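Notes for the one structure printed next.
Only the coordinates and a few stated rules stand behind these numbers; no lab work does. No experiment lies behind these values; they were computed from the predicted model shown. All Cβ positions, glycine included, derive from the backbone under ideal geometry; neighbour counts span all protein chains shown.
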Amino acid sequence: MEYCRKCLTKDMDWNDYFATMHQYIDQIDGELKTDAVTYQSRLSICSECERLLDAMCNACGCYVELRAAMKKNDCPYQKW
Ligand code: SF4
């Protein structure tokens, strides 16, 4: 897949952008990556959260699927 690595999201194709983000998540080093059970638990909490909007957390500005994928990260409101 070709994509511009210097583009802003406003200039990108959203399907390509999100495919790239999911590829990135898949390739995170196992030492750094959240285990699958914890990852699904985190996302399930985000899915029910009033601060989730268009896949982004409006408390921290992150895409929650990306934020939750890193073991070291936490929820800014201590929900996970
Ligand atoms: S990271 Fe926390 S505050 Fe943000 S959407 Fe998820 S549960 Fe809500």
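Here are the numbers for the structure shown:
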quantity: Cβ-derived FRET efficiency at R0 25 Å, residue 48 paired with residue 26, nearest 0.05; calculated: 0.50
quantity: FRET efficiency estimate (nearest 0.05) - Cβ-Cβ, residue 6 to residue 74, R0 25 angstrom; calculated: 0.25
quantity: In sequence order, calculated HN-Hα J values of segment 34-48 (Karplus, 6.51, -1.76, 1.60; Hz; x Gly/Pro); calculated: 5, 5, 4, 5, 5, 4, 5, 5, 4, 5, 5, 5, 4, 4, 9
quantity: Student exercise, segment 12-72 dipole from Lys, Arg, Asp, Glu Cβ charges, in Debye to nearest 20; calculated: 280 debye
quantity: Lysines with Cα under 19 Å of residue 33, excluding same-chain neighbours fewer than 8 positions away; calculated: 71, 72, 79
quantity: Angle between the chain longest axis and helix 14-26 axis [Cα atoms, degrees, rounded to 10]; calculated: 50 degrees
